[in-house]
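Asker: Take a look at this one; I'll ask things after.
Quick note: the coordinates plus some simple rules give every number you see, no bench work behind them. Since this is a predicted model, take the numbers as computed values, not measurements. Cβ placement follows ideal geometry from the backbone for every residue including glycine, while neighbour counts extend to all protein chains displayed.
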Amino acid sequence: MKTDTNKFTTKRIFTLFFIALTFASCDPAQTLLISNETDADATVMVIFNKGNHYYKFVEPSASDTLVIDLEPKGGDSKRIFQFGIGTWDIQSSIDSLIVAVDLIEINTSKSKEIFRGKKQIKAFIEKRIKGRQKELIEIKLN
C-alpha cells in the first residue's frame with residue numbers, strides 16, 4: 001500500500017512541476033492595458049503615423065485614429081491589447097511602438113492630456129512599463 005501512495009505522490013509532484021513550468025515561461029506576452037479608475041466616462045485617442053508598423057492595435061482600416069471609450073470604474077473600464085511574446089524592456093520594442101504613434105490624447109472629466117512627438121510619447125510609455133519582466137504597459141486614468 002505504501003508503494004501506491006509514493007507513486008501517486010510522485011505523479012502529483014511531476015504534474016504540479018509541469019504546470020508550474022508551463023505558467024512560468026521565460027517569454028511573457030507584451031501587453032498594453034488601459035483602465036479607467038475614475039467615476040466618469042473617459043476616452044483615450046491614439047493617432048498613428050502613416051505606414052505599415054509592427055504593432056497593430058486594430059484591424060487595418062482607412063483611419064489612422066483609434067478612439068477607446070471607457071466606462072467608469074466597475075463597468076466596461078478596461079481595454080487590453082496583446083502583441084505576442086516578448087518584453088517592453090527591449091529597446092527595439094519600445095522604439096517600434098513609439099514610431100507608430102503620432103499623438104496620445106487622454107480625456108477624463110477632470111483633465112485633458114496630450115502627448116505628441118517622439119520625446120513626449122517615449123517618456124509617457126516608458127514611465128508606465130510594469131511587470132516582473134517588464135511585459136506590461138499600464139495606463140491608468142485617475
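Asker: Can you list the residues, at least 5 places off or on another chain, whose amide H is less than 5 Å from the amide H of Asp102, using H built in the peptide plane?
Answerer: Distant-sequence amide H within range of Asp102: Ile47, Phe48, Asn49.
Asker: Note down the net charge around Lys73, summing +1 for each Lys or Arg and -1 for each Asp or Glu among other residues with Cβ under 12 Å from its Cβ. All intermediate terms of the calculation are to be shown ahead of the outcome.
Answerer: On the way: positive: Lys78, Lys140; negative: Glu37, Asp39, Asp41, Glu71, Asp76.
Every neighbour counted, the sum reads -3.
Asker: Using a Förster distance of 25 Å, how high is the FRET efficiency between Lys78 and Leu103, based on the Cβ-Cβ distance and rounded to 0.05? Don't skip to the end; give the middle numbers.
Answerer: Details: r = 22 Å, r/R0 = 0.88.
Result of the calculation: an efficiency of 0.70.
Asker: Now, a different point. Would you tally the net charge around Lys134, using a Cβ to Cβ cut-off of less than 14 Å, leaving Lys134 out, and scoring K and R as +1, D and E as -1? Show your work: numbers first, answer last.
Answerer: Numbers: positive: Lys127, Arg128, Lys130, Arg132; negative: Asp27, Asp89, Glu126, Glu135, Glu138.
Within the 14 Å Cβ shell, the charges total -1.
Asker: Also, I was wondering about something else. What is the calculated FRET efficiency for Lys140 to Lys119, with r their C-beta to C-beta distance and R₀ = 22 Å, to the nearest 0.05? Walk me through the numbers on the way to the answer.
Answerer: Values: r = 22 Å, r/R0 = 1.00.
Plugging the Cβ-Cβ distance into 1/(1 + (r/R0)^6) gives 0.50.
Asker: Would you be so kind as to identify which of Ile34, Ser96, Val46 lies farthest towards the positive end of the dipole of the stretch 27-141, taking Lys and Arg as +1 and Asp and Glu as -1 on Cβ and the Cα centre as origin?
Answerer: Towards the positive end, the residue furthest out is Ser96.
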